[in-house]
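> One structure coming up, written as structure tokens, with questions to follow.
The values are calculated or read from the model by the stated rules, or taken from the named source; none is laboratory data. These figures come from a predicted structure and were not determined experimentally. Here the Cβ positions follow ideal geometry from the backbone for every residue, glycine too, while neighbour counts run over all protein chains shown.
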Amino acid sequence: MQALVSIIMGSDSDLPVMRNAADILKEFEIPFELTIVSAHRTPERLFTFAKQAHQRGIKVIIAGAGGAAHLPGMVASLSPLAVIGVPIKSSNSIDGWDSMLSILQMPNGVPVATVALNAAKNAGILAAQIIGSADKNVQQKIEDYKVQLAEQVAQKYERLEQIGYEAYKK
């Protein structure tokens, strides 16, 4: 099946975080591709990828990057697609703040939707919501997912209220 979402990262060291986006898209049965596109080490690959993704049927790009984190912004500057940035706390990161600010502080005209630090799962959910705005089947899966979230919280607060905070999670 044709991929609708492209998950890209600057390095394979980002995969432990970015696989969470893949996992949630798989749960929603949204076809995706996953690859490495380094803004600094493979700039020509980045240009080709960003300029051609929409021609290959991609609808949303999720781009994760740590450190200087130029990948999401550069892709957004070259692509007509919505780009969701995932700041990653990497080994060369300043507690993730450098990644967060690099992705968050985009100039007007080049938006990147930015999720929380290491929150690739949220990026996957946001990509699904974007696709769900035009696909009722995906939209229903998101609605069902949100019902499940509410049910999980209800189970937790009912248990807490029943047994008290001292016994909860012991």
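> Does residue 119 count as within 13 Å of residue 60 (Cβ to Cβ), in contact (Cβ under 8 Å) with a residue 24 or more places away in the chain, in contact with a strand residue (DSSP E or B) (Cβ under 7 Å, 6 or more places away or on another chain) and hydrophobic (A, V, I, L, M, F, W, C)?
Numbers: within 13 Å of residue 60 (Cβ to Cβ): no; in contact (Cβ under 8 Å) with a residue 24 or more places away in the chain: yes; in contact with a strand residue (DSSP E or B) (Cβ under 7 Å, 6 or more places away or on another chain): yes; hydrophobic (A, V, I, L, M, F, W, C): yes.
For residue 119, the condition - within 13 Å of residue 60 (Cβ to Cβ), in contact (Cβ under 8 Å) with a residue 24 or more places away in the chain, in contact with a strand residue (DSSP E or B) (Cβ under 7 Å, 6 or more places away or on another chain) and hydrophobic (A, V, I, L, M, F, W, C) - is not met.
> Within the stretch 36-54, is there a residue that is closer than 16 Å to residue 9 by Cβ, more than 15 Å from the chain's Cα centre (by Cα), of a type in the set (S, T, N, Q) and crowded, with 18+ Cβ neighbours inside 10 Å?
Within the stretch 36-54, not a single residue is closer than 16 Å to residue 9 by Cβ, more than 15 Å from the chain's Cα centre (by Cα), of a type in the set (S, T, N, Q) and crowded, with 18+ Cβ neighbours inside 10 Å.
> What do you reckon, is residue 141 in the same structural domain as residue 30 (by TED's automatic domain parsing), in a helix (DSSP H, G or I) and of a type in the set (D, E, K, R)? It would help to see each step written out before you state the result.
On the way: in the same structural domain as residue 30 (by TED's automatic domain parsing): no; in a helix (DSSP H, G or I): yes; of a type in the set (D, E, K, R): yes.
Answer is no for this residue.
> From the set of residues in the stretch 90-116 that are crowded, with 18+ Cβ neighbours inside 10 Å and of a type outside the set (Ser, Thr, Tyr), which is farthest from residue 15 (Cα to Cα)? Walk me through it before giving the result.
Going residue by residue through the stretch 90-116, those that are crowded, with 18+ Cβ neighbours inside 10 Å are 90, 93, 96, 98-100, 102-103, 106, 112-115.
Now restrict to residues that are of a type outside the set (Ser, Thr, Tyr): 96, 98, 100, 103, 106, 112-113, 115.
Numbers: 96: 16, 98: 19, 100: 17, 103: 18, 106: 24, 112: 20, 113: 20, 115: 16 Å.
The qualifying residue farthest from residue 15 (Cα to Cα) is 106.
Residue-by-condition table, conditions (1) modelled with pLDDT of 90 or more; (2) assigned by TED's automatic domain parsing to the domain that holds residue 40; (3) within 21 Å of residue 24 (Cα to Cα):
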| site | (1), (2), (3) |
| --- | --- |
| 82 | yes, yes, yes |
| 90 | no, yes, no |
| 94 | no, yes, no |
| 105 | yes, yes, no |
| 119 | yes, yes, yes |
| 149 | yes, no, yes |
| 152 | yes, no, yes |
| 168 | no, no, no |
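> Going through the stretch 87-119 one residue at a time, which ones are of a type in the set (Val, Ile, Thr) and either touching a Phe, Trp or Tyr at 6+ places or on another chain (Cβ under 7 Å) or under 19 Å from residue 47 (Cα atoms) (or both)? Even if it seems obvious, please write down each step before you answer.
Applying the first criterion (of a type in the set (Val, Ile, Thr)) to the stretch 87-119 yields 88, 94, 103, 110, 112, 114-115.
Passing the criteria: 103, 110, 112.
> Among the helices (runs of 4 or more DSSP H) lying completely within the stretch 1-116, list those that include at least 1 residues that are over 21 Å from residue 131 (Cβ atoms) and charged (D, E, K, R). Break it down stepwise before answering.
Working: elements: 15-27, 43-52, 71-78, 97-104.
It comes to 43-52, 97-104.
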